[in-house]
Amino acid sequence: MTSPARKRIIVGVGGGIAAYKVCAVIRHFTEAGHDVHVIPTAAALNFVGAATFEALSGHPVSTSVFDDIDEVAHVRLGQEADLVVVAPATADLLSRAATGRADDLLTATLLTARCPVLFVPAMHTEMWEHPATVDNVATLRRHGATVMPPASGRLTGRDSGAGRLPEPGEIALLGDLLLEEPESLPYDLDGVRVLISAGGTREPLDPVRYLGNHSSGKQGFSLARAAAARGAEVTLVAGSTSDAGEPAGVELIDISSAVELSDEMTKRAAEADVIIMAAAVADFRPVAVADAKIKKGTAGPAPIELETNPDILAGLVQARGRGEIGADTVIVGFAAETGDENGGVLEHGRAKFARKGCDLLVVNPVGSGKAFGTADNTGWLLSSAGTETALPLSSKTLLASRILDALEPLLKRS
Ligand code: C5P
């Protein structure tokens, strides 16, 4: 018997050069204490040897339904699994899985698995965009599987474009999410354009110094990751982050200061169906930015004169009111609160919701080790319909998916 926290995971490996990167995913799951079986295709073993997969997983590896026939492995492995991750999912493997072929141990196992299945495609851009592959991906999604969008960038050879295997950490985060909550990644945001801000802003004082904050960007990046896996077209405008990951299939725009963030969000807002302001935006910025490094001098520290930054969230709500962005655009804000002598976290959140005028507000406690930089988060979700929903402590990726669930009644689909 495995303990409830120790899950049975199958990592199916397809025959692509990115197979070597999947070793890090296997390692992630075994280090988390899970029981991992690796099922490569015969082609995968051209790229990474069986010995590597056996050493990493601690289990023998076979590719054929005719090995260990007395064990009926192709049925047992699938039936007992809590999660199947297929990476790299090549065009050929997606095709075989979509049509229900069972000509090797991996595809046979996919037919017997009743747990969440995460396909992680990797191939050349032309193959990814070919109508046959597009159809196969749609079929697999219709069958209930999650298909990660591939990353863009350098491919094997001289090619560059969509089709790179997402970073192992990204595959691991979505796998962990499906173990935490198997129903958390429905394919329900297809074609929805989601604009997200994340991370902290840096307000420059001189060429080497800035006023900043502790935001890691993890919650905003988790929203981008979950939204992209659910089919959304995601643009992520990111300030300073720490260990927030590299969500695949997401357009990433880097900014530094609040004014830069304001410019990017304002420019893109009219093209969005949903805007989520998860960034920790500095309320103030230095009035003057020195051209050269400020020297200590002998007179002690000079005071820093500050001016107020634009409230981007409130500004977007006002722009919607003026008709500058679509009346149906859903606007989501965040309120990181500590609570004080004037009220608790939720009371401060309610007051902020009334002030900002957005459609949803995520209120979360911060300070004393809570939220900033952590992998988990908790809080409340306030909606303009007057509901207040508690968000139980969970990974930031699951919390992100719960926030995305709340969009459904607000989205006006054409
Ligand atoms: O007012 P406060 O900073 O607590 O509000 C937090 C919410 O407002 C977050 O969604 C944050 O991204 C947004 N915000 C903003 N512009 C600011 C300050 C905060 O959009 N200048």
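The values are calculated or read from the model by the stated rules, or taken from the named source; none is laboratory data. Everything quoted here is computed from the prediction, not taken from an experiment. As a convention, Cβ positions derive from the backbone with ideal geometry for all residues, glycine included, and neighbour counts pool all protein chains shown. Please note that ligands, DNA and RNA were not included when accessible areas were found on the heavy atoms of the full protein model with its side chains. Shrake-Rupley method; radii C 1.70, N 1.55, O 1.52, S 1.80 Å.
Comparing Leu110, Gly16, Ser62 along the charge dipole axis of the chain, the residue lying farthest to the positive side is Gly16, per the Cβ-charge model. Note on Glu341/Asp283: beta-carbon distance plugged into 1/(1 + (r/R0)^6) with R0 of 30 Å gives a FRET efficiency of 0.90.
Placing a label point 7 Å from the Cα of Lys412 along the Cα-to-Cβ line, the residues of the range 343-366 whose backbone N sits under 17 Å from it are 358-360.
Lys370 exposes around 100 Å² of accessible area when a 1.4 Å probe is run over every protein chain in place.
Average accessible surface for the chain: 46 Å² per residue, computed with a 1.4 Å probe over protein heavy atoms with every protein chain in place. 3J(HN,Hα) along the range 369-384: x, 8, 6, 5, x, 7, 8, 10, 7, 8, x, 9, 10, 9, 10, 5 Hz, from the Karplus curve 6.51 cos²θ - 1.76 cosθ + 1.60 with θ = phi - 60°, whole Hz, x for Gly and Pro. Distances between placed amide hydrogens fall under 5 Å for Ala232 paired with Leu189, all partners being 5 or more residues away or on another chain. For the range 136-227, a crude dipole built from +1 on the beta carbon of Lys and Arg and -1 on the beta carbon of Asp and Glu, taken about the Cα centre, is about 380 debye to the nearest 20.
When the Cα positions of Ala87, Gly357, Pro204 are compared along the charge dipole of the chain, Pro204 comes out farthest toward the positive end, with charges on each C-beta of Lys, Arg, Asp and Glu.
Of Asp243, Asp340, the order by accessible heavy-atom surface (1.4 Å probe, DNA, RNA and ligands excluded), from most exposed downward, is Asp243, Asp340. The portion of the accessible surface of the chain made up by carbon and sulfur, rounded to a whole percent, is 52 (1.4 Å probe; DNA, RNA and ligands excluded).
When Arg285, Arg209, Arg158, Arg96 are compared by accessible surface with a 1.4 Å probe, the order from highest to lowest is Arg158, Arg209, Arg285, Arg96. Counting only Cβ charges, +1 for Lys and Arg and -1 for Asp and Glu, the dipole size of the range 308-366 around its Cα centre is about 180 debye.
Looking at the chain, the DSSP beta bridges with both ends there are about 35 percent antiparallel. Which residues in the range 189-232 place their backbone N less than 20 Å from a point set 7 Å from the Cα of Glu246 along the Cα-to-Cβ direction? The answer is 198-200, 216-229, whose backbone nitrogens lie closer than 20 Å to the label point.
Residues whose amide H falls under 5 Å from that of Ala89, counting only those 5 or more places apart or on a different chain, are Val120, Ala122, with hydrogens built in the peptide plane. Taken about its Cα centre, the chain carries a charge dipole of roughly 480 debye when the Cβ of each Lys and Arg holds +1 and the Cβ of each Asp and Glu holds -1. With all protein chains in place and ligands, DNA and RNA left out, the 1.4 Å accessible area ranks Leu306, Leu223 as Leu306, Leu223, largest first.
Ranking Pro286, Ser262, Thr298 by how far each Cα lies toward the positive end of the dipole of the range 255-299 (charges on Cβ) leaves Thr298 at the top.
Note on His130: accessible area approximately 100 square angstrom, rounded to 10, probe 1.4 Å, nucleic acids and ligands left out.
Checking every one of the GluC sites (Glu not before Pro) in the range 321-381 against DSSP loop status and a limit of 15 other Cβ atoms within 10 Å picks out Glu324, Glu341.
Highest mean packing first, where packing is the average number of other Cβ atoms within 10 Å per residue, the peptides 142-153, 265-276 line up as 265-276, 142-153.
Take the Cα of Thr298, step 7 Å toward its Cβ, do the same at His143, and the gap between the two points is 8.0 nm.
Note on the chain: helix-only mean residue ellipticity at 222 nm, from DSSP H runs of 4+ residues weighted -39500 (n - 2.57) and normalised by residue number, equals -9500 deg cm²/dmol.
Of the whole protein surface, Lys21 contributes about 40 Å² of accessible area at a 1.4 Å probe radius.
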